[in-house]
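The values are calculated or read from the model by the stated rules, or taken from the named source; none is laboratory data. Keep in mind the model is a prediction, meaning the values are calculated, not measured. Don't worry about glycine lacking a Cβ; one is built from the backbone with ideal geometry, like all the others, and counts go over all protein chains shown.
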Amino acid sequence: MDALLDILGLTEAARLLSLSPPGWGMNLLRGLVNSLQIAFGAFGMGLVIGLFGAYGKLYGGPVLRDLLAIYTTVIRAVPELVLILILYYVGTDLINKAATMLGHGRVEISGVVAGIWVLGIVQGAYATEVLRGAIQAVPAGQIEAARVFGMPPFMLMRRVTIPAMMSFAIPGLANLWLIATKDTALLAIVGFNELTLETRQAAASTRAYFTFFLAAGALYLIVTLCSGVVFGRVEKWARRGQPSLREARR
Amino acid sequence: MSSTTSAPGDPAQAGQQDIAIEIEDLHKSFGPLEVLKGVSLSARKGDVVAIIGGSGSGKSTLLRCINFLDTPNWGKISVGGEQIVLRADGTPANRRQIERIRTRLGMVFQAFNLWTHRTLLENVIEVPVHVLKIPKADAIAQARVLLDRVGLGDKTDTFPAYLSGGQQQRSAIARALAVNPEVMLFDEPTSALDPELVGEVLTVIRDLAAEGRTMLLVTHEMKFAREVATHVVYLFEGRIEEQGPPEEVFGNPKSERLKQFLQSIH
Ligand SMILES: Nc1ncnc2c1ncn2[C@@H]1O[C@H](COP(=O)(O)OP(=O)(O)O)[C@@H](O)[C@H]1O
Ligand SMILES: [Mg+2]
């Protein structure tokens, strides 16, 4: 093994990336775990916001619809980096002001929680549009069939609308998840120790920029590939009962 | 009760407890378009009421108002003697009452409207298990019997998209029967089918008629209507133009419009 690395000229890289000190591998992995935590949280929060947003846009009153239109338009118009700065600093500032008013003194806001909130709000705007489109793509007859047999609204959403819209929503949601994993890198700017910041610190300390950024790139790629497999399975499940285009052509 | 003219449809001549469904002076507009202009109709238990009429005469709207898929503007509807409580503008006062009444009606749509992400068996047990809260094992056993009855006992685990239109419509009938409805509502159940598939669906409906199911049947199959109906209603531009026993309506139509309509069909 060592001989092989030697021939390939990778001995130095292996030493730098080693999981035990003085290697920086553990730092990178810790960064990856933080990034994934935030991506998971933000994606989940985005789904919840998106579901409410989509239903609000489709069935809500005029005031709610206007508010949601402002939300999705503004969030999707402003660059994410700017949003993160605004939401992070304004958010923490507001929380601290509220805390002082209630006599608590300054509160320490965990980077993960802040990251989830900030990216979750961004994801929610996109998810609202993805899910709205998917809900509208459900054939009206299937919803009517549920109503006509006395299904109350919430059960109808759970048993019919959501399962039926899944196949339309999954490709868009898979995109959103991948964007979430990569948007975590933007949190480096507010000093959160996710993968990109850890990589930059390791690279700066060792001057091995190429090695570390290549390694980080590989980690992001692995995440993407694994996500692809998972979403492939989920999509297959969501599309159950629908003949594939290839079958249909026969 | 302006348009009720003959005995079988006249609630006054039927014992109250025999009435399966009763509609009185039903009005429905879509914006400026008045689609139903005061329709009164009733069916006793075991009646098969065929509703015929030209395209756009309001047949679908009538059925859809009965289970409040469309909200009537005015009128009275009662199912099995229970009158649906309406506000002044026709909207139902009590959502739960509507939901309860809906479970007592079995609707079959022109376009089948099966849930495509569920197998036939799952389609049939969906409402019994989740709305009526019947134990799942019982619902499955009953669903198998029903699917067997409509000739699909070997397709229980198939998804609707893999079936012919006739098979889908027969499953939809099984799904409607699974709630053991007091009244079955059919909205042109064979209009979306290829001609060679119409027969298999009509056979199922004929069986239901023979076992005494109460049905409101919107159809363009005049021969079939004549054969199974106990009462025929001809709808023209949102009003009942003529009604009566099938021999009368088909054999000796009085209204000019009905005569023309029957000729145009053949
Ligand atoms: N949701 C709706 N909005 C507006 N107009 C409608 C709607 N549903 C039906 N209509 C109109 O009402 C009339 C009667 O429709 P329908 O009851 O479907 O007729 P039928 O089933 O007898 O062919 C038609 O002119 C149709 O265009
Ligand atoms: Mg119609």
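Report yes if B:Ala172 is among the hydrophobic types (A, V, I, L, M, F, W, C), part of a helix (DSSP H, G or I) and at pLDDT below 95, otherwise no.
So B:Ala172 does not fit the description; no.
Go over the candidates B:Ala93, B:Ala50 one by one and state the one that is without any contact (Cβ under 8 Å) to a residue 12 or more places away in the chain and touching a Leu at 6+ places or on another chain (Cβ under 9 Å).
Only one candidate passes the filter, namely B:Ala93.
On the basis of being modelled with pLDDT of 90 or more and in contact with a Leu (Cβ under 9 Å, 6 or more places away or on another chain), does A:Phe149 make the cut?
Yes, satisfied.
So which residues in the stretch B:102-126 are facing another protein chain (nearest Cβ under 8 Å) and β-branched (Val, Ile, Thr), if there are any at all?
Selection gives B:Thr103, B:Thr116, B:Thr119.
Considering (1) more than 20 Å from B:Thr219 (Cβ to Cβ); (2) of a type in the set (A, V, I, L, M, F, W, C); (3) within 14 Å of the chain's Cα centre (by Cα), say which one B:Ile84 fails and leave the rest.
(3)
Among the helices (runs of 4 or more DSSP H) confined wholly to the stretch A:101-183, which include 3 or more residues that are out of contact with any Ser or Thr (no Cβ under 7 Å at 6 or more places or on another chain), within 14 Å of another protein chain (Cβ to nearest Cβ) and surrounded by 19 or more Cβ atoms within 10 Å (Cβ to Cβ)? Before the answer, list the steps.
Working: elements: A:111-137, A:140-148, A:153-156, A:162-183.
Counting at least 3 such residues, we get A:140-148, A:162-183.
I'm trying to understand the selection: among the residues of the stretch A:62-100, which are within 25 Å of the chain's Cα centre (by Cα), surrounded by 11 or more Cβ atoms within 10 Å (Cβ to Cβ) and among the charged types (D, E, K, R)?
A:Arg65, A:Arg76, A:Glu80
Look at the stretch B:50-86 and say how many of its residues are within 16 Å of ligand 2 (Cβ to nearest atom) and more than 25 Å from A:Ile143 (Cβ to Cβ).
5
Taking the criterion of being more than 30 Å from A:Arg158 (Cβ to Cβ) and surrounded by fewer than 18 Cβ atoms within 10 Å (Cβ to Cβ), would at least one residue in the stretch A:33-56 satisfy it?
Checked against the condition, which is being more than 30 Å from A:Arg158 (Cβ to Cβ) and surrounded by fewer than 18 Cβ atoms within 10 Å (Cβ to Cβ), the stretch A:33-56 yields at least one hit.
In the stretch B:175-204, how many residues are more than 13 Å from every other protein chain (Cβ to nearest Cβ), more than 16 Å from ligand 2 (Cβ to nearest atom) and aliphatic (A, V, I, L, M)?
5
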